[in-house]
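The values are calculated or read from the model by the stated rules, or taken from the named source; none is laboratory data. Given the structure is predicted, the values throughout are model-derived calculations rather than measurements. When we count neighbours, we look across all protein chains shown, and the Cβ atoms used for this are built from the backbone with ideal geometry, even at glycine. Note: areas computed on protein heavy atoms with side chains; ligands, DNA, RNA excluded. Shrake-Rupley method; radii C 1.70, N 1.55, O 1.52, S 1.80 Å.
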Amino acid sequence: MIESWRWFGPVDKISLAEVAQTGAVGVVTALHDIPYGEVWSVDAITERQAMIGRAGLGLQWNVVESLPVHDDIKRGSGDLDRLFANYRQSLANLSTCGIGVVCYNFMPVLDWTRTTLDAPVRGGGTALRFDAVRMAAFELHMLGRQEAEADYPAEVVAQAGAWIAASDAVAREALLASIMAGLPGAFDRYSVAALRETLARYAGIGHDDLRSNYARFLAEVVPTAAELGIRLCVHPDDPPRDILGLPRIVSDADDIDFILQSEANVANGLTLCSGSLGAHPDNDVVAIAERFADRIHFAHLRNVAKEPDGSFQEADHLDGDTDMVALLRVLLAEEARRRDEGREDADVPFRPDHGHEIGPDLGRGAHPGYPLVGRLRGLAELRGVVAGLQAA
Ligand code: DNO
(Lines give C-alpha, C1' and ligand atoms only; values in the text may rest on other atoms or scores of the structure.)
Protein backbone atom coordinates (compact mmCIF):
# COMPACT_ATOMS: atom_id res chain seq x y z
CA MET A 1 0.00 0.00 0.00
CA ILE A 2 1.48 3.35 -1.00
CA GLU A 3 0.66 5.95 1.62
CA SER A 4 -0.56 9.02 -0.23
CA TRP A 5 -2.01 12.39 0.64
CA ARG A 6 -4.35 14.66 -1.26
CA TRP A 7 -2.86 18.09 -1.74
CA PHE A 8 -4.83 20.79 -3.55
CA GLY A 9 -1.76 22.56 -4.91
CA PRO A 10 -0.38 25.97 -3.98
CA VAL A 11 -3.74 27.11 -2.59
CA ASP A 12 -3.78 24.29 -0.04
CA LYS A 13 -3.48 25.54 3.55
CA ILE A 14 -1.34 22.48 4.28
CA SER A 15 2.25 22.71 3.14
CA LEU A 16 4.23 20.00 1.38
CA ALA A 17 6.54 19.92 4.39
CA GLU A 18 3.58 19.00 6.55
CA VAL A 19 2.53 16.36 4.03
CA ALA A 20 6.02 14.85 4.35
CA GLN A 21 5.73 14.97 8.13
CA THR A 22 2.68 12.69 7.97
CA GLY A 23 4.91 9.98 6.54
CA ALA A 24 3.03 9.83 3.22
CA VAL A 25 5.20 9.47 0.13
CA GLY A 26 2.65 9.89 -2.66
CA VAL A 27 0.98 13.17 -3.51
CA VAL A 28 -2.50 13.04 -5.00
CA THR A 29 -3.28 16.25 -6.80
CA ALA A 30 -4.77 17.90 -9.87
CA LEU A 31 -4.37 21.05 -11.91
CA HIS A 32 -7.50 22.56 -10.45
CA ASP A 33 -7.09 25.88 -12.22
CA ILE A 34 -7.38 24.41 -15.71
CA PRO A 35 -11.01 24.63 -16.82
CA TYR A 36 -12.83 21.33 -17.33
CA GLY A 37 -12.39 20.02 -20.86
CA GLU A 38 -9.11 21.82 -21.60
CA VAL A 39 -5.83 19.97 -22.18
CA TRP A 40 -3.33 19.58 -19.36
CA SER A 41 -0.10 20.51 -21.10
CA VAL A 42 3.22 18.82 -20.42
CA ASP A 43 4.52 22.17 -19.19
CA ALA A 44 1.74 22.59 -16.66
CA ILE A 45 2.16 19.02 -15.43
CA THR A 46 5.95 19.26 -15.10
CA GLU A 47 5.63 22.58 -13.30
CA ARG A 48 3.47 20.91 -10.66
CA GLN A 49 5.83 17.95 -10.47
CA ALA A 50 8.76 20.30 -9.99
CA MET A 51 6.91 22.07 -7.19
CA ILE A 52 6.36 18.75 -5.42
CA GLY A 53 9.90 17.53 -6.15
CA ARG A 54 11.58 20.85 -5.39
CA ALA A 55 10.53 20.70 -1.80
CA GLY A 56 13.19 17.93 -1.47
CA LEU A 57 10.95 15.95 0.81
CA GLY A 58 10.88 12.65 -1.00
CA LEU A 59 7.36 13.23 -2.30
CA GLN A 60 6.12 12.25 -5.71
CA TRP A 61 2.91 13.01 -7.60
CA ASN A 62 1.60 9.45 -8.02
CA VAL A 63 -2.14 9.86 -8.63
CA VAL A 64 -4.19 12.43 -10.50
CA GLU A 65 -7.39 13.28 -8.69
CA SER A 66 -9.16 14.24 -10.79
CA LEU A 67 -8.87 14.65 -14.51
CA PRO A 68 -12.43 15.97 -14.70
CA VAL A 69 -14.92 14.76 -17.26
CA HIS A 70 -16.70 17.73 -18.81
CA ASP A 71 -20.43 17.86 -18.16
CA ASP A 72 -21.15 17.88 -21.91
CA ILE A 73 -19.71 14.35 -22.04
CA LYS A 74 -22.01 13.33 -19.21
CA ARG A 75 -25.00 14.93 -20.93
CA GLY A 76 -23.95 13.54 -24.29
CA SER A 77 -24.16 16.80 -26.21
CA GLY A 78 -21.85 19.55 -27.39
CA ASP A 79 -18.49 19.37 -29.11
CA LEU A 80 -17.76 15.87 -27.88
CA ASP A 81 -15.08 15.03 -30.41
CA ARG A 82 -12.98 17.90 -29.14
CA LEU A 83 -13.59 16.96 -25.51
CA PHE A 84 -12.66 13.31 -26.08
CA ALA A 85 -9.55 14.33 -28.02
CA ASN A 86 -8.55 16.72 -25.24
CA TYR A 87 -9.02 14.04 -22.61
CA ARG A 88 -6.86 11.63 -24.58
CA GLN A 89 -4.23 14.33 -25.02
CA SER A 90 -4.15 15.03 -21.29
CA LEU A 91 -3.70 11.30 -20.65
CA ALA A 92 -0.84 11.20 -23.16
CA ASN A 93 0.80 14.21 -21.51
CA LEU A 94 0.45 12.69 -18.05
CA SER A 95 1.98 9.49 -19.33
CA THR A 96 4.87 11.45 -20.87
CA CYS A 97 5.48 12.86 -17.40
CA GLY A 98 5.41 9.40 -15.84
CA ILE A 99 2.07 9.63 -14.01
CA GLY A 100 0.09 6.43 -14.36
CA VAL A 101 -3.03 6.52 -12.17
CA VAL A 102 -5.91 8.84 -13.06
CA CYS A 103 -9.06 9.18 -10.96
CA TYR A 104 -12.25 10.83 -12.23
CA ASN A 105 -15.95 10.67 -11.53
CA PHE A 106 -19.12 10.51 -13.56
CA MET A 107 -21.45 12.43 -11.23
CA PRO A 108 -23.56 14.94 -13.14
CA VAL A 109 -23.18 18.60 -12.07
CA LEU A 110 -22.00 18.11 -8.49
CA ASP A 111 -19.23 16.10 -6.86
CA TRP A 112 -19.45 14.85 -3.27
CA THR A 113 -22.34 16.42 -1.43
CA ARG A 114 -22.79 17.21 2.26
CA THR A 115 -25.28 19.40 4.05
CA THR A 116 -23.14 20.17 7.10
CA LEU A 117 -19.41 20.78 7.21
CA ASP A 118 -19.09 21.18 10.97
CA ALA A 119 -21.20 18.58 12.75
CA PRO A 120 -19.87 18.39 16.31
CA VAL A 121 -17.92 15.34 17.46
CA ARG A 122 -16.56 14.39 20.88
CA GLY A 123 -14.31 16.95 22.48
CA GLY A 124 -15.23 19.83 20.17
CA GLY A 125 -14.04 18.60 16.79
CA THR A 126 -16.18 18.65 13.67
CA ALA A 127 -17.18 16.17 10.98
CA LEU A 128 -18.82 16.26 7.56
CA ARG A 129 -22.44 15.17 7.57
CA PHE A 130 -25.18 14.43 5.06
CA ASP A 131 -28.46 15.19 6.71
CA ALA A 132 -31.54 13.90 4.90
CA VAL A 133 -33.76 16.58 6.47
CA ARG A 134 -31.51 19.44 5.37
CA MET A 135 -31.07 18.00 1.89
CA ALA A 136 -34.84 17.68 1.56
CA ALA A 137 -35.24 21.25 2.86
CA PHE A 138 -32.82 22.45 0.21
CA GLU A 139 -34.44 20.55 -2.64
CA LEU A 140 -38.04 21.27 -1.72
CA HIS A 141 -37.89 24.76 -0.28
CA MET A 142 -34.79 26.46 -1.65
CA LEU A 143 -34.56 24.90 -5.10
CA GLY A 144 -38.31 24.46 -5.38
CA ARG A 145 -38.08 20.93 -6.76
CA GLN A 146 -41.48 19.56 -5.78
CA GLU A 147 -40.80 16.11 -7.28
CA ALA A 148 -38.21 15.65 -4.53
CA GLU A 149 -41.06 14.79 -2.15
CA ALA A 150 -41.07 11.30 -3.65
CA ASP A 151 -37.36 10.87 -2.85
CA TYR A 152 -37.70 11.17 0.92
CA PRO A 153 -39.75 9.44 3.64
CA ALA A 154 -42.86 11.48 4.66
CA GLU A 155 -41.34 12.06 8.07
CA VAL A 156 -38.25 13.65 6.52
CA VAL A 157 -40.40 15.85 4.26
CA ALA A 158 -42.30 17.09 7.30
CA GLN A 159 -39.10 17.77 9.23
CA ALA A 160 -37.69 19.59 6.22
CA GLY A 161 -40.65 21.96 6.33
CA ALA A 162 -39.97 22.59 9.99
CA TRP A 163 -36.25 23.13 9.35
CA ILE A 164 -36.88 25.74 6.68
CA ALA A 165 -39.50 27.53 8.78
CA ALA A 166 -37.02 27.84 11.64
CA SER A 167 -34.06 28.81 9.44
CA ASP A 168 -32.78 32.31 8.78
CA ALA A 169 -30.93 33.60 5.69
CA VAL A 170 -27.56 32.79 7.25
CA ALA A 171 -28.51 29.14 7.85
CA ARG A 172 -29.86 28.79 4.32
CA GLU A 173 -26.73 30.35 2.84
CA ALA A 174 -24.59 27.97 4.91
CA LEU A 175 -26.62 25.03 3.62
CA LEU A 176 -26.07 26.10 0.01
CA ALA A 177 -22.35 26.61 0.64
CA SER A 178 -22.07 23.15 2.25
CA ILE A 179 -23.79 21.50 -0.71
CA MET A 180 -21.39 23.24 -3.10
CA ALA A 181 -18.26 22.52 -1.05
CA GLY A 182 -17.50 19.25 -2.82
CA LEU A 183 -16.63 20.93 -6.10
CA PRO A 184 -12.85 20.98 -5.99
CA GLY A 185 -11.89 23.46 -8.70
CA ALA A 186 -12.26 27.19 -8.81
CA PHE A 187 -15.10 26.80 -11.29
CA ASP A 188 -18.76 25.86 -11.19
CA ARG A 189 -19.91 26.92 -7.74
CA TYR A 190 -23.60 27.52 -8.24
CA SER A 191 -26.10 29.91 -6.76
CA VAL A 192 -29.59 28.46 -6.34
CA ALA A 193 -30.70 30.10 -9.60
CA ALA A 194 -27.66 28.86 -11.54
CA LEU A 195 -28.10 25.38 -10.12
CA ARG A 196 -31.75 25.36 -11.24
CA GLU A 197 -30.65 26.30 -14.76
CA THR A 198 -27.90 23.70 -14.81
CA LEU A 199 -30.27 20.99 -13.61
CA ALA A 200 -32.71 21.94 -16.36
CA ARG A 201 -30.06 20.99 -18.90
CA TYR A 202 -30.34 17.41 -17.62
CA ALA A 203 -34.11 17.27 -18.14
CA GLY A 204 -35.05 13.99 -19.76
CA ILE A 205 -31.69 12.34 -19.09
CA GLY A 206 -32.27 9.15 -17.11
CA HIS A 207 -30.04 6.38 -15.84
CA ASP A 208 -29.90 4.56 -19.16
CA ASP A 209 -28.97 7.70 -21.08
CA LEU A 210 -26.24 8.53 -18.60
CA ARG A 211 -24.98 4.96 -18.78
CA SER A 212 -24.75 5.08 -22.54
CA ASN A 213 -22.95 8.43 -22.42
CA TYR A 214 -20.56 6.89 -19.94
CA ALA A 215 -20.00 3.80 -22.10
CA ARG A 216 -19.23 6.10 -25.01
CA PHE A 217 -16.70 8.03 -22.96
CA LEU A 218 -15.02 4.78 -21.95
CA ALA A 219 -14.93 3.55 -25.54
CA GLU A 220 -13.27 6.84 -26.51
CA VAL A 221 -10.59 6.96 -23.83
CA VAL A 222 -9.88 3.48 -22.44
CA PRO A 223 -8.02 2.18 -25.53
CA THR A 224 -5.71 5.22 -25.36
CA ALA A 225 -5.18 4.76 -21.63
CA ALA A 226 -4.39 1.08 -22.21
CA GLU A 227 -1.84 1.93 -24.89
CA LEU A 228 -0.21 4.50 -22.64
CA GLY A 229 -0.19 2.19 -19.63
CA ILE A 230 -2.42 4.58 -17.70
CA ARG A 231 -4.86 3.13 -15.19
CA LEU A 232 -8.10 5.05 -15.06
CA CYS A 233 -10.15 4.64 -11.90
CA VAL A 234 -13.66 5.94 -11.50
CA HIS A 235 -14.65 7.36 -8.15
CA PRO A 236 -18.06 6.21 -6.87
CA ASP A 237 -20.97 8.58 -6.42
CA ASP A 238 -21.12 10.36 -3.09
CA PRO A 239 -23.71 9.93 -1.75
CA PRO A 240 -24.41 6.78 -3.77
CA ARG A 241 -27.94 7.70 -4.80
CA ASP A 242 -29.72 10.11 -7.12
CA ILE A 243 -29.79 13.66 -5.84
CA LEU A 244 -31.48 16.82 -7.09
CA GLY A 245 -33.31 14.62 -9.59
CA LEU A 246 -30.02 13.78 -11.30
CA PRO A 247 -29.31 10.16 -12.14
CA ARG A 248 -26.26 8.59 -10.57
CA ILE A 249 -24.78 5.44 -12.03
CA VAL A 250 -21.64 4.61 -10.02
CA SER A 251 -23.33 3.70 -6.78
CA ASP A 252 -23.35 -0.06 -6.24
CA ALA A 253 -21.91 -3.39 -7.35
CA ASP A 254 -24.22 -3.66 -10.38
CA ASP A 255 -23.13 -0.23 -11.57
CA ILE A 256 -19.46 -1.07 -11.13
CA ASP A 257 -19.94 -4.36 -12.94
CA PHE A 258 -21.57 -2.57 -15.88
CA ILE A 259 -18.72 -0.03 -16.05
CA LEU A 260 -15.87 -2.49 -15.77
CA GLN A 261 -17.43 -4.83 -18.32
CA SER A 262 -18.20 -2.12 -20.83
CA GLU A 263 -14.46 -1.87 -21.59
CA ALA A 264 -12.93 -5.10 -20.41
CA ASN A 265 -9.41 -3.78 -19.99
CA VAL A 266 -7.46 -3.34 -16.78
CA ALA A 267 -6.95 0.29 -17.81
CA ASN A 268 -10.64 0.74 -17.00
CA GLY A 269 -10.62 0.52 -13.23
CA LEU A 270 -12.06 1.64 -9.93
CA THR A 271 -11.18 3.97 -7.07
CA LEU A 272 -12.33 1.97 -4.09
CA CYS A 273 -13.82 4.71 -1.91
CA SER A 274 -15.02 2.99 1.23
CA GLY A 275 -16.81 6.08 2.51
CA SER A 276 -18.79 6.77 -0.65
CA LEU A 277 -19.81 3.16 -1.26
CA GLY A 278 -20.36 2.66 2.47
CA ALA A 279 -23.09 5.30 2.59
CA HIS A 280 -25.44 3.03 0.59
CA PRO A 281 -27.51 0.83 2.93
CA ASP A 282 -27.23 -2.21 0.63
CA ASN A 283 -23.52 -1.98 -0.18
CA ASP A 284 -21.17 -4.45 1.46
CA VAL A 285 -17.92 -2.58 0.84
CA VAL A 286 -15.67 -5.49 1.73
CA ALA A 287 -17.55 -7.78 -0.69
CA ILE A 288 -17.37 -5.12 -3.42
CA ALA A 289 -13.61 -4.80 -2.91
CA GLU A 290 -13.22 -8.58 -3.10
CA ARG A 291 -15.31 -8.87 -6.24
CA PHE A 292 -13.55 -6.13 -8.20
CA ALA A 293 -10.12 -6.40 -6.55
CA ASP A 294 -8.16 -6.82 -9.78
CA ARG A 295 -9.48 -3.52 -11.11
CA ILE A 296 -8.83 -1.40 -8.00
CA HIS A 297 -6.06 1.07 -8.84
CA PHE A 298 -6.50 3.51 -5.97
CA ALA A 299 -8.22 3.48 -2.58
CA HIS A 300 -9.86 6.17 -0.49
CA LEU A 301 -10.16 4.86 3.03
CA ARG A 302 -12.66 6.36 5.44
CA ASN A 303 -15.82 5.39 7.24
CA VAL A 304 -19.38 6.59 7.69
CA ALA A 305 -22.11 5.86 10.21
CA LYS A 306 -25.51 5.59 8.55
CA GLU A 307 -28.82 6.55 10.12
CA PRO A 308 -32.28 5.09 9.34
CA ASP A 309 -33.62 8.20 7.55
CA GLY A 310 -30.82 8.23 4.94
CA SER A 311 -28.55 10.61 6.82
CA PHE A 312 -24.94 9.69 7.48
CA GLN A 313 -21.99 11.20 9.23
CA GLU A 314 -18.29 10.68 8.70
CA ALA A 315 -16.92 8.50 11.46
CA ASP A 316 -13.36 7.85 12.61
CA HIS A 317 -11.47 5.84 10.02
CA LEU A 318 -11.64 2.58 11.97
CA ASP A 319 -15.14 3.23 13.29
CA GLY A 320 -18.43 3.45 11.39
CA ASP A 321 -20.20 0.82 9.33
CA THR A 322 -17.37 -0.64 7.26
CA ASP A 323 -14.97 -3.15 8.77
CA MET A 324 -11.75 -1.38 7.81
CA VAL A 325 -9.52 -4.21 8.98
CA ALA A 326 -11.38 -6.68 6.74
CA LEU A 327 -11.18 -4.22 3.85
CA LEU A 328 -7.43 -3.77 4.25
CA ARG A 329 -7.06 -7.55 4.39
CA VAL A 330 -8.71 -7.75 0.95
CA LEU A 331 -6.48 -5.04 -0.49
CA LEU A 332 -3.32 -6.63 0.89
CA ALA A 333 -4.35 -10.03 -0.53
CA GLU A 334 -4.83 -8.41 -3.93
CA GLU A 335 -1.39 -6.82 -3.73
CA ALA A 336 0.12 -10.22 -2.91
CA ARG A 337 -1.69 -11.73 -5.90
CA ARG A 338 -0.31 -9.01 -8.19
CA ARG A 339 3.17 -9.45 -6.80
CA ASP A 340 2.99 -13.16 -7.59
CA GLU A 341 2.15 -12.22 -11.15
CA GLY A 342 5.21 -9.98 -11.21
CA ARG A 343 3.12 -6.92 -11.87
CA GLU A 344 4.62 -3.47 -11.50
CA ASP A 345 1.38 -2.02 -10.20
CA ALA A 346 1.21 -4.43 -7.27
CA ASP A 347 1.21 -1.69 -4.63
CA VAL A 348 -2.08 0.14 -4.43
CA PRO A 349 -1.86 3.84 -3.62
CA PHE A 350 -4.31 4.85 -0.92
CA ARG A 351 -5.05 7.98 0.97
CA PRO A 352 -6.73 8.61 4.29
CA ASP A 353 -9.88 10.15 2.93
CA HIS A 354 -11.38 13.06 4.80
CA GLY A 355 -10.86 13.54 8.50
CA HIS A 356 -12.47 15.33 11.37
CA GLU A 357 -11.21 18.79 12.19
CA ILE A 358 -9.57 18.33 15.55
CA GLY A 359 -7.18 20.29 17.75
CA PRO A 360 -5.08 22.68 15.66
CA ASP A 361 -7.22 22.01 12.56
CA LEU A 362 -10.04 24.11 13.99
CA GLY A 363 -10.03 27.56 12.46
CA ARG A 364 -7.16 26.79 10.10
CA GLY A 365 -9.46 26.90 7.11
CA ALA A 366 -8.31 23.79 5.26
CA HIS A 367 -10.43 22.50 2.39
CA PRO A 368 -13.58 20.93 3.94
CA GLY A 369 -12.85 17.34 4.90
CA TYR A 370 -9.12 17.77 4.33
CA PRO A 371 -7.54 19.01 7.57
CA LEU A 372 -4.02 18.05 8.61
CA VAL A 373 -4.40 16.44 12.01
CA GLY A 374 -7.73 14.68 11.39
CA ARG A 375 -6.36 13.01 8.30
CA LEU A 376 -3.05 12.28 9.96
CA ARG A 377 -4.97 10.48 12.69
CA GLY A 378 -6.69 8.42 9.98
CA LEU A 379 -3.43 7.70 8.18
CA ALA A 380 -1.70 6.64 11.38
CA GLU A 381 -4.54 4.30 12.30
CA LEU A 382 -4.63 2.76 8.82
CA ARG A 383 -0.84 2.41 8.82
CA GLY A 384 -1.09 0.54 12.10
CA VAL A 385 -3.69 -1.86 10.71
CA VAL A 386 -1.58 -2.52 7.61
CA ALA A 387 1.52 -3.18 9.73
CA GLY A 388 -0.46 -5.51 12.00
CA LEU A 389 -1.93 -7.47 9.11
CA GLN A 390 1.43 -7.74 7.39
CA ALA A 391 3.06 -9.03 10.55
CA ALA A 392 0.33 -11.60 11.23
C1 DNO B 1 -14.08 13.71 -2.07
C2 DNO B 1 -13.35 13.15 -3.20
C3 DNO B 1 -14.08 13.31 -4.51
C4 DNO B 1 -13.22 12.86 -5.68
C5 DNO B 1 -13.86 13.02 -7.02
C6 DNO B 1 -13.08 12.26 -8.04
O7 DNO B 1 -13.53 14.02 -1.07
O8 DNO B 1 -13.03 11.86 -2.96
O9 DNO B 1 -14.40 14.65 -4.67
O10 DNO B 1 -12.05 13.60 -5.70
O11 DNO B 1 -15.16 12.62 -7.04
O12 DNO B 1 -13.38 12.75 -9.29
Checklist entry - Under a GNM of the chain (C-alpha, springs under 10 Å), which listed residue has the highest mean-square fluctuation: 281, 352, 239? => result 281
Item to check | Cβ-defined net charge surrounding residue 302, 11 Å radius [Lys, Arg +1; Asp, Glu -1] | outcome: -4
Next on the checklist: Sort 2-10, 60-68, 160-168 by the packing proxy (mean of other Cβ within 10 Å over each peptide's residues), most packed first.
Outcome noted: 60-68, 2-10, 160-168
Item to check | In Å², nearest 10: area of residue 197 left accessible to a 1.4 Å probe | outcome: 130
Item to check | With eigenvalues of the C-alpha gyration tensor scaled by 5 and rooted, the stretch 116-199, Å | outcome: 20, 19, 11
Checklist outcome for this item: In whole percent, the fraction of accessible protein surface over the stretch 116-199 that belongs to carbon or sulfur atoms, probe radius 1.4 Å, stands at 55
Item to check | Student exercise, the chain dipole from Lys, Arg, Asp, Glu Cβ charges, in Debye to nearest 20 | outcome: 820
Checklist outcome for this item: Inter-part gap, Cα centre of the stretch 325-388 to Cα centre of the stretch 1-73, in whole angstrom, is 17
Item to check | Three semi-axes of the equivalent ellipsoid, the chain, Cα gyration tensor, whole Å, largest first | outcome: 30, 25, 21
Checklist entry - Which values of log₁₀ I(q)/I(0), to two decimal places, follow from the Debye formula for the stretch 265-392 at q = 0.14, 0.17 Å⁻¹ with a uniform point scatterer at every Cα? => result -0.64, -0.90
Next on the checklist: Helix check for the chain. Which DSSP H runs span at least 27 Å along their own axis by Cα, with a mean Kyte-Doolittle hydropathy no less than 0.5?
Outcome noted: 372-391
Item to check | Solvent-accessible area of residue 241 with every protein chain in place, 1.4 Å probe, in Å² to the nearest 10 | outcome: 70
Next on the checklist: Taking the solvent-accessible surface of protein heavy atoms with a 1.4 Å probe, what is the per residue accessible area of the chain in Å²?
Outcome noted: 39
Checklist entry - Going highest first, how would you order 306-317, 207-218, 128-139 by mean Cβ packing within 10 Å? => result 128-139, 306-317, 207-218
Item to check | Cα Rg, Dmax (largest Cα-Cα span) when computed across the stretch 1-93, Å | outcome: 14.9, 46
Checklist entry - Over the chain, what relative contact order in percent results from Cα pairs under 8 Å that are six or more residues apart? => result 18
Item to check | Listed residues 302, 145, 375, most fluctuating in the chain (Gaussian network, C-alpha, under 10 Å) | outcome: 145
Checklist outcome for this item: If one builds a Gaussian network model of the chain from Cα atoms under 10 Å apart, the most fluctuating residue listed among 37, 365, 275 is 365
